[in-house]
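Colleague: The following block contains the structure, expressed as structure tokens.
The values are calculated or read from the model by the stated rules, or taken from the named source; none is laboratory data. These figures come from a predicted structure and were not determined experimentally. Positions of Cβ are backbone-derived with ideal geometry, glycine not excepted, and every protein chain shown enters the neighbour counts.
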Amino acid sequence: MTNTELLTRADVLRHGRTPFVLATVVHAERPTSAKPGDSALVLPDGTVEGFVGGTCAETTVQLQGLRVLRTGESLLLRITPDAQSVPDGAQVPGEGLVTVANPCLSGGTLDIFLEANLPPALAYVYGHAPIARALSDLGRALGLDVRRASSGEPLPADLDIVVVATHGRDEETMLTEAARAGVPYIGLVASPRRGAAVLAGLGLTEEQRARVHTPAGLDIGARTPGEIALSVFAEITALRPRAARTVLPGADPARSRAVAEGVDPVCGMTVAITPATLSLDRAGTTVYFCGPGCQHAFADDPSRYAHA
């Protein structure tokens, strides 16, 4: 895959709202099979598309890329065979830098920048009045993917925010669908009295009702459509630091789960456990490997690695 093909693939992923990590080799100390400018994509299922080095380097990029998808924070990854600089093959984090000792490398060192590419929070705004228009305009200015929606429209699985500003038109259907779909933030623009009455008649569980905020927005004395929109997004922003990642606007549940990991008993590398990870069953226990070399070595003499 050429870099042009890789960038085209990245654009397709962005348009499809699929999170990915773009890994780019920025420095290489020979001997290495990768050179500066080589790049690859790491997808949420652990798939690596492109080239950033041999099997061992790719395994490390895969693991760190999946961690970056979970945190959303880009970093510079240094892969070095110098175990003395990283005791016991541990990972040494710095400010935006992670150094990993990889005993499989042919002798060189690679610096690879891992750039998180996460889709913006997806928001559906219902309504056509000035408040709905102000919500759409302000949401886009804040970097959200805001779409004007209609009642009965299917809700996508990665929908983060629903704000209903229809002023009494078909509110119950929209709120019920959003709550049952598990949308993290649901807001109803209404007076306290009317909002409470609408919420009481929805027939939702306590957990579902807790996600419906009415009146939507913080009490900042808002009067104009723009001020009401500001209060709504202020509430969404205020809730974000206190919420778990699985219920944050913009958070992908698949990203919020910890990356499943295993340790290769032959070389000691930590590897991400994905459907494609090489493995063997040993006395009822699954053993994972960074590459075919370690897998074959273990299969030839498992007792040699019993201590691991």
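Colleague: Can you work out which of the residues in region 263-299 that are among the small types (G, A, S) and more than 29 Å from the chain's Cα centre (by Cα) is nearest to T59 (Cα to Cα)?
Modeller: G293
Colleague: Considering region 21-41 alone, what residues qualify as being of a type in the set (D, E, K, R) and under 15 Å from E115 (Cα atoms)?
Modeller: D38, the sole residue that qualifies.
Colleague: Ok, one more. Test L138 against the criterion of being at pLDDT 90 or above, under 25 Å from R14 (Cβ atoms) and assigned by TED's automatic domain parsing to the domain that holds T60, and give yes or no.
Modeller: Here the answer is no, as L138 does not meet what is asked.
Colleague: Let me ask something else about it. Those residues that are part of a loop (DSSP other than H, G, I, E, B), under 17 Å from A23 (Cβ atoms) and among the small types (G, A, S), I need them from region 106-140; list them, please.
Modeller: If the condition is that a residue be part of a loop (DSSP other than H, G, I, E, B), under 17 Å from A23 (Cβ atoms) and among the small types (G, A, S), then G108 is the only one that fits.
Colleague: Could you go through region 209-218 and let me know if any residue there is more than 18 Å from E177 (Cα to Cα), among the small types (G, A, S), at pLDDT 95 or above and touching a strand residue (DSSP E or B) at 6+ places or on another chain (Cβ under 9 Å).
Modeller: So far as region 209-218 goes, yes, one or more of its residues are more than 18 Å from E177 (Cα to Cα), among the small types (G, A, S), at pLDDT 95 or above and touching a strand residue (DSSP E or B) at 6+ places or on another chain (Cβ under 9 Å).
Colleague: Look at R78 and say whether it is closer than 21 Å to G268 by Cβ and of a type in the set (D, E, K, R).
Modeller: Yes, satisfied.
Colleague: Sort out which residues of region 7-48 are surrounded by fewer than 17 Cβ atoms within 10 Å (Cβ to Cβ) and either in a strand (DSSP E or B) or assigned by TED's automatic domain parsing to the domain that holds A272 (or both), and write them in order of number.
Modeller: Result: V26, H27, E29.
Colleague: Here's a check for you: in region 92-114, which residue that is within 26 Å of the chain's Cα centre (by Cα) and loosely packed, with under 15 Cβ neighbours inside 10 Å is modelled with the highest pLDDT?
Modeller: Here the answer is L97.
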